Amino acid sequence: MSDNNFELLSMPASREPASLLAVDRAVSEIRRGRMVAVRGSGGIAILVQSAEAITSDALSEMRAFSHCDPVLAVTARRAAVLGLAETAGKIVTLSTGQEMTAEIIRDLADPLSDAPLPEDTRASLTVTMRATPTYDCESAAVALTKIARLLPAAVTAQIVDPTADDLASWSARHDVLLVDAGDIFQYDNTQARTLRAVSSARVPLLGAENTRIIAFRPIDGGLEHLAIVVGQPDKNAPVLARLHSECFTGDLLGSLRCDCGDQLQGAIQEITTIGAGVLLYLAQEGRGIGLVNKLRAYELQDRGFDTMDANEQLGFDADERVYLPAAKILRLLGFERVRLMTNNPDKVTALAHCGIIVEERVPHTFPSNEHNENYLRTKAVRGGHIF
């Protein structure tokens, strides 16, 4: 679970809408396979495109616009699984001895590449690696792909065009959207700070008829998080709470690969048993990597990787969730203290890091099945979950 957001300074509230809008537009562009320009400190700026959308034509255009050869920015975890040198940094850039092609980028960025490079080509591939500072442009580029729920890998090229002194004008001439690196780094933090309740309704549930669902949305109109409030919890006492990451496959389809559906229904039943509590249904599918990447991780699991190794093969941390939205929603509901239903001690630590007092960890365990035994074992042995 990432805590980089806690190190960032808060921006003025008047700047928040513009900051979120800039990142949202950049996300839209790279999801459509277009380039964006990222402006960092010290006059440095780069062109960025997602690795999974790169084409030969896009690479040629990037070279022509930037006057620089593109490189591939990936997470240190992805570099490690590729067998490259370990680094203390979080992001590295990869360049090759020959011209970087779309095929080479695909092979380096995607562990599920359908057409991997021939072994003789791979053997002749010379890759050099450069670790990047925590808050430089390349780090922002990879962070942008994560926000977009794409593979965490970006093709970048430093803008050294001599006509780019006025970067805003240069970007406009080339029809390239410009975004500040700082806005990307602040995105999760700013979204959480701007969460507001936008709708509320009584929704009787089977076995929990006195239930209200409240939807919370950030100021940029981004993804909503939901609070499922059962009964009338006492705001002067620690509330029984569950932070539940949305799981399309487990919650909706009843997938047997995870225990999410059991945890969701079990939490509501437990809250109903004591009479009141709250379940936060958080928009952070697949431990924060998104549904598409979760399906990629499932395919890697079918090839022999455990759930954590699969995420790392893709270039993600084992857990990419951020709990700032959960803390914000609890405060908006009037709760500062919780009894947290979870088997994950890291979740207790993360929520406490956000300023919510966790007075008790309430065990939340359900029987395994033949399809999720290895998954649950990995969470216990490698993730420190308590079952």
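The values are calculated or read from the model by the stated rules, or taken from the named source; none is laboratory data. Small disclaimer: the values here were computed from a predicted structure and weren't measured. Every residue, glycine as well, gets a Cβ built from its backbone with ideal geometry; the counts of neighbours run over all protein chains shown.
When Ala197 is tested against the conditions (1) farther than 16 Å from Ala326 by Cβ; (2) in contact with a strand residue (DSSP E or B) (Cβ under 6 Å, 6 or more places away or on another chain); (3) surrounded by fewer than 21 Cβ atoms within 10 Å (Cβ to Cβ), the lone failure is (1). Remark: pairs (first residue in segment 339-352, closer than 22 Å to Gly261 by Cβ and touching a residue at least 60 places away in the same chain (Cβ under 8 Å); second residue surrounded by fewer than 19 Cβ atoms within 10 Å (Cβ to Cβ) and among the acidic types (Asp, Glu); Cβ separation under 8 Å; 6+ apart in sequence or on different chains) = Leu340/Glu360; Met341/Glu270.
If you filter segment 141-192 down to residues that are within 19 Å of the chain's Cα centre (by Cα) and of a type in the set (Ser, Thr, Tyr), you find that the one that is farthest from Phe316 (Cα to Cα) is Thr190.
With the structure loaded, tell me whether Arg331 is modelled with pLDDT under 95 and of a type outside the set (A, V, I, L, M, F, W, C) or whether it fails that test. Spelling it out, it is not the case that Arg331 is modelled with pLDDT under 95 and of a type outside the set (A, V, I, L, M, F, W, C). Could you look through segment 230-259, keep only residues that are among the hydrophobic types (A, V, I, L, M, F, W, C) and surrounded by fewer than 22 Cβ atoms within 10 Å (Cβ to Cβ), and pick out the one that is farthest from Gly290 (Cα to Cα)? Among residues in segment 230-259 that are among the hydrophobic types (A, V, I, L, M, F, W, C) and surrounded by fewer than 22 Cβ atoms within 10 Å (Cβ to Cβ), the one farthest from Gly290 (Cα to Cα) is Ala237. Confirm whether Ala73 is of a type in the set (A, V, I, L, M, F, W, C) and outside any helix (DSSP H, G or I). Criteria met by Ala73. Please report, ordered by residue number, the helices (runs of 4 or more DSSP H) entirely within segment 227-314 with at least 3 residues that are farther than 30 Å from Val142 by Cβ and of a type in the set (Gly, Ala, Ser). Answer list for segment 227-314: 260-274. For the residues Ala227, Ala208, Ala201, Ala237, the requirement of being aliphatic (A, V, I, L, M) and touching a Phe, Trp or Tyr at 6+ places or on another chain (Cβ under 8 Å) singles out Ala227. Just so you know, in segment 6-21 the residues that are within 19 Å of the chain's Cα centre (by Cα) and within 26 Å of Gly89 (Cβ to Cβ) include one that is modelled with the lowest pLDDT, and it is Phe6. Here Ala37 fulfils each of the conditions (1) at pLDDT 95 or above; (2) not in a strand (DSSP E or B) apart from (2). Checked against the criterion of being among the aliphatic types (A, V, I, L, M), touching a His at 6+ places or on another chain (Cβ under 8 Å) and part of a helix (DSSP H, G or I), segment 328-339 has at least one qualifying residue. If the condition is being touching a residue at least 60 places away in the same chain (Cβ under 8 Å), crowded, with 16+ Cβ neighbours inside 10 Å and not hydrophobic (A, V, I, L, M, F, W, C), then segment 206-221 contributes Pro218, Asp220. So, in segment 40-70, exactly how many residues are within 21 Å of Thr134 (Cβ to Cβ), in a helix (DSSP H, G or I) and either at pLDDT below 95 or aromatic (Phe, Trp, Tyr) (or both)? So the answer is 0. Assigned to a loop (DSSP other than H, G, I, E, B), more than 22 Å from Val239 (Cα to Cα) and under 25 Å from the mean Cα position of the chain (by Cα) - does that describe any residue in segment 358-380? Yes, segment 358-380 contains at least one residue that is assigned to a loop (DSSP other than H, G, I, E, B), more than 22 Å from Val239 (Cα to Cα) and under 25 Å from the mean Cα position of the chain (by Cα).
Taking every residue in segment 127-153 that is basic (Lys, Arg) and pairing it with any residue that is part of a helix (DSSP H, G or I), at least 6 positions away or on another chain, the pairs with Cβ-Cβ distances below 8 Å are Arg149/Leu291; Arg149/Val292; Arg149/Asn293. Of all residues in segment 140-157, those satisfying the criterion of being under 17 Å from Ile105 (Cα atoms) and either part of a loop (DSSP other than H, G, I, E, B) or touching a Cys at 6+ places or on another chain (Cβ under 9 Å) (or both) are Leu150, Leu151, Pro152, Thr156, Ala157.
Look at (1) under 26 Å from Asp220 (Cβ atoms); (2) modelled with pLDDT of 95 or more and you find that Asp3 fails only one, number (2). Pairing residues of segment 170-182 that are assigned by TED's automatic domain parsing to the domain that holds Ala143 and more than 17 Å from Ser41 (Cα to Cα) with residues that are part of a helix (DSSP H, G or I) and not charged (D, E, K, R), at Cβ distances under 6 Å and at least 6 apart in sequence or on separate chains, gives His174/Phe65; Leu177/Ala26.
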